[in-house]
Amino acid sequence: MVTELSHQEILRYSRHLIMPEVGLAGQKKLKEASVLCIGVGGLGSPLAMYLAAAGVGRIGLVDFDVVDFSNLQRQILHHTADVGRPKLESAAEKLRAINPEIEIVLHEAMFSSANAMDICRDYDVIADGTDNFPTRYLTNDVCVLLGKPNVYASIFRFEGQASVFHAEKGPCYRCLYPEPPPPGMVPSCAEGGVLGILPGIMGTIQATEVIKQILGSGDPLIGRLLLFNALDMRWREVKPMKDPDCPICGENPTIHELIDYEQFCGISMGSEEAHVEELGADWNITPSDLNSELQREGKVVLVDVREPHEWDICHITGSTFIPEGDVLARMNELDTADDIVLICRTGIRSARALNQLRESGFTKLRNLVGGLHGWADDVDPSIPKY
Amino acid sequence: MSTVTVSLSGALAAVAGVTNIEVEASSLSEVLTGLSTRYGGAFNEKLYDANGKPRRFINIYVNGRDYRFLKKLDTELANKDEVSLIPAVSGG
């Protein structure tokens, strides 16, 4: 089939067409190309928007989440009126509005070992805009096994990383990071925060590299890890090497099919909620039960283990403030005879703090399940959720 | 001894509270020892595994080259060399 551009498309893409590096041939390559964006959150928003505007003929989107208020600070595909809608529905609407000439394919599912090969097989380039380690390793392995380029970016607070992992031409993600961090060692954006503009910058780098892959021009980020620091406003580059011992793309690979990535990353329940579950019911207290105990004027010591800037946003009146990192050093401020309830934003850090105190000899400890979010939902709506 | 510029990022920068520092060292292992002494417990917990080796999710580069393909921790350093410690990050 010969790809042609309509008069309207020629006008739409005229700023591409007048550059010889793209030209008519390049624009036709874009129209014939297919790209899968895994995740339509922070990175996926600018990525998919620019790919749509550039005229990539078929864009697949994978996500299963719904739009939340806390997404709006950075996920620019989604607007205030979209809160509560499926992200794919919201994304498809905006992308079709940007460019009705292209095809948008929706894969509304959790990207998993069960569906990843089938979903990725039909695309030329895969772009990894996910937000967790299991899915990053899954995306890498699918791309290595299918021989497809994986255009990668990830973000943390003020910093971003970008690269193109294409095992036939350079290192894969596992060559850089043979093992994931232990659960809880590297905070997610939900835990550590992220500057809203950061995914805008890194997602746009991804879109650039996707387009270069399709055009086959320029110097791609293969074998190059690009690092950005927004506070320093500085770019750096290092040169990762292909690891001959890599278990999937090395000389003697041991991984020949997709594995259980949650297990590989040491996560049994999808996230750190496992930490809380492991505590068992005796170590937990619900917000309404805590409220009842406080009403009965029993002596309950509330210890808030969040960070100072979070304490400034909101806290329960009368609680004691000891950030998680200081709990062991400051435990002499607490009395083992008291009934202590540990509090954080959602109940995960406080569960960790509880374990630290338990190992140090405290026994009358409980963790506020759901943290301040639960307290706001069930007891005191004047506490803002963040 | 050489004066080496060290760049920290991700979870390591978060616990150290800095992104760029200068360290006096003649080998990569001396750089890590210097950082450990300077930043202590929480930093060491992130940097080292139970066997006292740098964790596998932390990439270490000397002048942009992966230390695993140089002389690992014995990699010798000269004045103005740049050492980067880059942990994996997953946010998106």
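The values are calculated or read from the model by the stated rules, or taken from the named source; none is laboratory data. Since the model is a prediction, treat every value here as computed from it, not as a measurement. For neighbour counting, all protein chains shown are included, and Cβ atoms are generated from backbone atoms with ideal geometry for every residue, glycine included.
Points to keep in mind about this one:
- Here the condition is being touching a Cys at 6+ places or on another chain (Cβ under 8 Å) and modelled with pLDDT of 95 or more; of A:Leu11, A:Leu36, it holds for A:Leu36 alone.
- Scanning region B:79-87 for residues that are touching a Lys or Arg at 6+ places or on another chain (Cβ under 6 Å) and either closer than 28 Å to A:Lys242 by Cβ or at pLDDT 95 or above (or both) turns up nothing.
- Residue within region B:26-36 that is more than 17 Å from B:Asn79 (Cβ to Cβ), among the aliphatic types (A, V, I, L, M) and at pLDDT below 95 present: no
- Of the helices (runs of 4 or more DSSP H) lying entirely inside region A:1-60, those containing at least 2 residues that are under 21 Å from A:Ser163 (Cβ atoms) and of a type in the set (Gly, Ala, Ser) span A:44-54.
- The conditions of being of a type in the set (A, V, I, L, M, F, W, C), out of contact with any helix residue (DSSP H, G or I) (no Cβ under 8 Å at 6 or more places or on another chain) and more than 23 Å from B:Ala14 (Cα to Cα) are not met by A:Val369.
The rows are residues; the columns are (1) more than 9 Å from chain B (Cβ to nearest Cβ); (2) more than 27 Å from A:Ala25 (Cβ to Cβ); (3) surrounded by 15 or more Cβ atoms within 10 Å (Cβ to Cβ).
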{"site": "A:Pro187", "(1), (2), (3)": "no, yes, yes"}
{"site": "A:Ala207", "(1), (2), (3)": "yes, no, yes"}
{"site": "A:Gly216", "(1), (2), (3)": "yes, no, no"}
{"site": "A:Ile222", "(1), (2), (3)": "yes, no, yes"}
{"site": "A:Phe228", "(1), (2), (3)": "yes, yes, yes"}
{"site": "A:Asp232", "(1), (2), (3)": "no, yes, no"}
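- Residue within region A:173-183 that is more than 21 Å from the chain's Cα centre (by Cα) and either touching a residue at least 12 places away in the same chain (Cβ under 8 Å) or within 7 Å of another protein chain (Cβ to nearest Cβ) (or both) present: no
- Screening A:Ile322 with (1) under 30 Å from the mean Cα position of the chain (by Cα); (2) modelled with pLDDT under 95; (3) aliphatic (A, V, I, L, M) gives one miss only, at (2).
- Looking across region A:214-249, the residues that are over 29 Å from A:Val22 (Cα atoms), within 22 Å of the chain's Cα centre (by Cα) and in a loop (DSSP other than H, G, I, E, B) come down to A:Ala230, A:Leu231.
- Matching residues in region A:115-136 - criterion: being within 14 Å of another protein chain (Cβ to nearest Cβ) and not β-branched (Val, Ile, Thr): A:Ala127, A:Asp128, A:Gly129, A:Asp131, A:Asn132, A:Phe133, A:Pro134, A:Arg136
- Neighbours by Cβ (under 6 Å, 6+ apart or cross-chain): first from region A:238-257, surrounded by 12 or more Cβ atoms within 10 Å (Cβ to Cβ); second aromatic (Phe, Trp, Tyr): A:Val238/B:Tyr61; A:Met241/B:Phe69
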